[in-house]
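Below is one structure, written out as structure tokens; comments come after it.
Each value in this text was obtained by applying a stated rule to the coordinates, not by laboratory testing. In this text the structure is predicted, and so the values were computed from the model without any measurement. Note that each Cβ is placed from the backbone with ideal geometry, even for glycine, and that neighbours are counted across all protein chains shown.
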Amino acid sequence: MIVQEPIQVIVWDCLNNYEFENAIFLAERLYAEVGSEEAAFLLGTCYYRSGRINEAHHLLQNKTLALPQARFLLAKCSADLKSYKDAEIALGSNLDIIASEFGEQAPYALQLLAKVYISTGRRNEAAEAHRKALSLNPFMWKSFAQLCNMGEKVDPQQVFQINNSEFTFGVTTLVNLVSNSENISFVNCNIHNNSSMNTNVTPNNVATRTPMAMSTSITPETQAPMKRMHSVFSGMAPIPFSPSFGMLTMEESPVLYTPTLTDSNEQKAIPKIVNSLRAQMGQLKDAVFSPAPRCTLGPAPRRSSRLFSNNNSSYSVKENNKSPSRKFAAPKSPSRKNKQRTAKNIKSNTIDSNKSIETVTPTIPPKNSNGVALLSLMKEIGEAYKYLAFLDCKNAIKSFQELPPKQLASPWVQTMIARSHYELAQYEAAAKIFSEIRKQYPSRTEGMEIYSTCLWHLQREAQLSALAQELVELNRTNPIAWLVAGNCFSLHKERETALKFFRRAVQLNPDAAYAHALLGHEYAVAEETDKALASFRLAVSIDPRNYVAWFGIATVYARQERWKASEVHIRRALSIHPLSGVLRCQLGLAQSALGKMERALSTLEKAVALDTENPLCRFHRASVLLRAGRPQDALADLHHLKDIAPRESLVYYLLGKVHNKLGNAHLALMHFSWATDLDPKGTGGHIKEGFDPSKQEDPPERST
Amino acid sequence: MAGLEKDPLVYERSGTVREVGNHAIWSLSSCKPGFGIDQLRDDCMETYWQSDGQLPHLVNIQFQKKTMVSHIYIYTDYKLDESYTPSRISIRAGTHFNDLQEIEVIELIEPSGWEMIPIKDIHDRPIRTYMIQIAVLSNHQNGRDTHMRQIKVHSPCEPTSFDINKFRNFSTVQFQQYATIR
């Protein structure tokens, strides 16, 4: 008869070291022997982590599951396999019941449930579930982002705070952390393995499990593991400071545990460490920061400890504490930021100079300092992200740029800023930022489809081809690579190939609304209107806030000259993105086509005022003025355009038509000839028609 | 003549025409197994269609809706195909098999590369048709069967007559980048 516990421990050990085949083998043996729900859950986890989702699903689906973790895993598998009904059944439908049943996993369960709701079209329930998840665990950024993307109002100031009454990030996690750190010490520090280790290691990521293991692990039988733990910690010590997230730094170091080298061999340090760890609830492990320069014990196992631990302070030693002041989470204020920045500078200087770790007596901080620091960072980022999601791009850029420099330099923030520029149609600026990101992080593909669209707008064929080639080479199964390739061929006007690649991207990831929108646009250009409309409608059903798709439908109708329908859809797009000059311009055009000249002119006025860099607003205003029979007024706009864009042939063409209307035949001819000079092929030959009055298509505009 | 001006891809890339062969149903009067429509439409000059019957050999292109056709391009190579190279080709158009009218006949003399056949009606405009038939009437050196390596059909992308819609293609990037949102 196999005792489950040690085997489970072994399997978790394999999992923690990413050795999935080994883990699966052992877990299968355990499951075959015992067949219990716990064993099933363990085996399911092994399958899931190694990507064998179908098997995990099959394993768990026909059982009545009591363990909440097992139910959660089953729900996750079902959701991944798109059988949303099963997922929903596994999770349940009452949010409060879920919150109580799943305990610490509740936020994740709720997030998963929200995903299921969205996929089945119940957006309101999804929003509720996300909100609940956030209230339980303020670090669920994804829920916040989804809420913003859905257009729900969320207040980052409210959301990102530790609401201790409901915060279930518990002591058990902490304790597991401690025990896991022992594990780390074994596994990662290359310290000589003690055979007694196995009994003390517990799976860290199952938060609620085996609390009993905790107690045993805290009091190890032998000195050696403890020493190792110390050494591990002190090995970690080299991280010179805890992540301040741009806030007050290091001075405080309330925490912890500062196992210093001097302490390392003292038994008494252990309870202090444990206490300090216990006291710090919900602190986040700091990101992998500087490597341990002074780690004399081998490479600091930063990565694995980060995986387990929620408590970063435990690994950071505040050696440069000038004063034992605490890190407080003060409300956001600019002056504080400045102070923090200077404080951080001072700190980093002192770190360099001061090589020895000071012995700081561990104290139990009253607050969870690093967690709170992270939360205030998240508040800032949340504000900025909210601006972006609601397409208030200027404010978004401003807010993002106010982030602390380290965060600002991170690729995600840069991508968001570039996206904001893209939404404002500032393609140059966006492309510049994206190319920087590509240089520094060449294997990062998130956001690259937006980069390719910017290059498409700017008609930079060489860069776009290079980008497409690099991304496809990098990973042929990445839908983003195929979107980029599609944009590349679309720019080259090879419609069939572009369509092929866009279809491929959609096949790889049918849930990406933008991919459908791009496919739709390509169909529209290739004049396959039915397929275009179908793609656009699909995009909108996935994400009703995707204004690119709404605009696409509008352009299809415009080409078919169904101006009323086109106007309706442009308005829809505008309601999502009210500050867009391009959209407003198109609205003006639609209105003028419907004959509502006054309305059109006022819309175009607004467009011109809104988007100063977009010359088309003025251009179309001039053309509408001409149509409305006010050629003289059109002249002012056109002269302005001539100044800023002297090589645009259509400006001269329009000037020619205006002069024709005004009766200045010679000026008209002069402008027409300039237009043809600049662009011999013209755009479909209508410039030639402009030359020859007998072929003018709009008789009312013919000069007599 | 330089093959460049006759290369259909150049025109496709300019955005003024589209290749519409994919919107049509193709059929042949005869073919040798492995040398049929796929080889005729695969964008590869190494593969070809080889007929296997009596002259005239026919390629039938049927569209689902009346399509405007401006040019037909045929790729043949005398150096490779010698007596299989067509020498007289007749282009017919109409609504169905029993309703075809010859609109164009061309003579080829030792062609090597793309041959462009403009399709115009009596008013010199591209025709609108449901069906096109390309008939090979005779081959070089009086060969019986024929090889054709590639065929492309171009349809013009016409700007509509409405004034505003004309302004869809600007000549500078500065303007064009704001013309649409993707």
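Quick notes
- Computed on region A:373-419, with alpha-carbon pairs under 8 angstrom and 6+ residues apart, the relative contact order is 31 percent.
- Model label sites at B:Met45 and A:Glu613, defined 7 Å from Cα along the beta-carbon direction, differ in position by 4.4 nm.
- Normalised by 2.2 N^0.38 Å, where N counts its residues, the alpha-carbon radius of gyration of region A:4-146 equals 1.07.
- Taking amide hydrogens as placed 1.01 Å from N in the peptide plane, the amide H of B:Gly113 sits under 5 Å from those of B:Thr76, B:Asp77, B:Tyr78, each at least 5 positions away in sequence or on another chain.
- Length-normalised contact order for region A:4-146 - Cα pairs under 8 Å, 6+ apart - percent: 13
- Note on A:Ser649, A:Ser100: ascending count of other Cβ atoms within 10 Å places them as A:Ser100, A:Ser649, the fewest first.
- Per-pair calculated FRET efficiency, R0 = 60 Å: B:Lys66 and A:His639 via Cβ, rounded to 0.05: 0.85
- 3J(HN,Hα) from dihedral phi, region A:141-155, Karplus parametrisation 6.51/-1.76/1.60, rounded to Hz, x for glycine, proline: 4, 4, 4, 4, 4, 4, 4, 4, 5, 7, x, 7, 7, 10, 10
- Estimated from helices alone, the mean residue ellipticity of chain B at 222 nm is -2000 deg cm²/dmol (sum of -39500 (n - 2.57) over DSSP H runs with n ≥ 4, per residue).
- Sites A:Ser541 and A:Val568, calculated FRET efficiency, Cβ-Cβ separation with R0 25 Å, nearest 0.05: 0.90
- Treating each Cα of region A:443-538 as an identical point scatterer and summing with the Debye formula, the log10 of I(q)/I(0) at q = 0.25 Å⁻¹ comes to -1.34.
- Shape analysis of chain B based on the Cα gyration tensor places the equivalent ellipsoid semi-axes at 32, 19, 15 Å, largest first.
- At R0 = 22 Å, FRET efficiency that the Cβ-Cβ distance of B:Ser30 and B:Ile109 yields, to 0.05: 0.30
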